[in-house]
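The values are calculated or read from the model by the stated rules, or taken from the named source; none is laboratory data. Being a predicted model, the structure only gives us computed values, none of them experimental. Glycine also receives a Cβ, built like all others from the backbone with ideal geometry; neighbour counts cover every protein chain displayed.
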Amino acid sequence: MQAYRKRAKRGFSLVELLAVVLVLAVLAAVAIPLYISQRKSAAARSCKANIAAIAAAESAWALREGAYTTTIADLVGAQEGLAKTPTCPLDGDAYTLATDADGNLTISCGNAADHAASLGAAADYSMTLTKPGKDTLP
Ligand SMILES: [Zn+2]
């Protein structure tokens with residue numbers, strides 16, 4: 001009996017270890033999905049900010065050149081342009097720039113449906129800039 005008590009004081013019993021493992025498993029089951037969801041909504045917010053930055057750089061480009069460019073590389077390093085090529089933070093995909101027949105530019109992310117699943121609507125992840133007008137200042 002004496003030997004058993006001595007040995008029992010040295011460590012944890014199996015039941016105690018199982019209880020700790022169970023608590024850790026419950027915490028992980030709650031925390032991991034929450035973490036993944038937060039990562040996706042952060043990527044969606046960041047994607048919206050990237051699209052807005054591309055739109056601002058395109059507006060500055062159009063002010064100088066008279067039309068939008070569909071090549072993001074033109075904007076990188078340009079005056080009032082972008083410091084580096086922006087990519088969608090979800091998977092690193094490039095943004096799509098397309099001009100229509102009227103000269104309007106649409107900036108869009110290919111992951112719009114994935115972003116909309118975590119934040120906002122798919123339409124929030126594309127932006128259309130109307131054709132730059134002529135300077136009306138005297
Ligand atoms: Zn995106």
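Yes/no matrix, rows are residues, columns are (1) at pLDDT below 95; (2) part of a loop (DSSP other than H, G, I, E, B); (3) closer than 30 Å to Lys134 by Cβ; (4) touching a helix residue (DSSP H, G or I) at 6+ places or on another chain (Cβ under 8 Å):
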| site | (1), (2), (3), (4) |
| --- | --- |
| Arg7 | yes, no, no, no |
| Val26 | no, no, no, no |
| Ala31 | no, no, no, no |
| Ala60 | yes, no, yes, no |
| Tyr68 | yes, yes, yes, yes |
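Just the residues that are over 18 Å from Lys40 (Cα atoms) and in contact with a helix residue (DSSP H, G or I) (Cβ under 9 Å, 6 or more places away or on another chain), please, taken from the range 99-121. Outline the logic, then answer.
Step one: filter the range 99-121 for residues over 18 Å from Lys40 (Cα atoms), giving 99-107.
Hits for the range 99-121 are Leu105, Ile107.
Of Thr106, Thr130, which residue is surrounded by fewer than 18 Cβ atoms within 10 Å (Cβ to Cβ) and away from the ligand (no atom under 16 Å from the Cβ)?
Values: Thr106 fails: away from the ligand (no atom under 16 Å from the Cβ).
Going through Thr106, Thr130 in turn, just one is surrounded by fewer than 18 Cβ atoms within 10 Å (Cβ to Cβ) and away from the ligand (no atom under 16 Å from the Cβ): Thr130.
Take Ser59 and tell me if it is within 16 Å of the ligand (Cβ to nearest atom) and among the small types (Gly, Ala, Ser).
On the way: within 16 Å of the ligand (Cβ to nearest atom): no; among the small types (Gly, Ala, Ser): yes.
The answer is no for Ser59.
From Ala44, Ala122, Ala53, grab the single residue that is in contact (Cβ under 8 Å) with a residue 60 or more places away in the chain, within 19 Å of the chain's Cα centre (by Cα) and surrounded by 11 or more Cβ atoms within 10 Å (Cβ to Cβ).
Details: Ala122 fails: in contact (Cβ under 8 Å) with a residue 60 or more places away in the chain; Ala53 fails: in contact (Cβ under 8 Å) with a residue 60 or more places away in the chain.
Result: Ala44 is the single residue among Ala44, Ala122, Ala53 that is in contact (Cβ under 8 Å) with a residue 60 or more places away in the chain, within 19 Å of the chain's Cα centre (by Cα) and surrounded by 11 or more Cβ atoms within 10 Å (Cβ to Cβ).
Report every pair of residues separated by at least 6 positions or lying on different chains whose Cβ atoms are under 6 Å apart, first residue within the range 74-92 and more than 14 Å from Cys109 (Cα to Cα), second within 16 Å of the ligand (Cβ to nearest atom) and part of a loop (DSSP other than H, G, I, E, B).
Within 6 Å, the pairs are Val76/Thr85.
Looking at the range 72-94, which of the residues that are out of contact with any strand residue (DSSP E or B) (no Cβ under 9 Å at 6 or more places or on another chain) and of a type in the set (D, E, K, R) is nearest to Arg39 (Cα to Cα)? Talk me through it step by step, then tell me what you get.
As a first pass, look at the range 72-94 and keep what is out of contact with any strand residue (DSSP E or B) (no Cβ under 9 Å at 6 or more places or on another chain): 73-74, 77-81, 89-92.
Checking the rest, the ones that are also of a type in the set (D, E, K, R) come to 74, 80, 91.
Details: Asp74: 30, Glu80: 30, Asp91: 12 Å.
Here the answer is Asp91.
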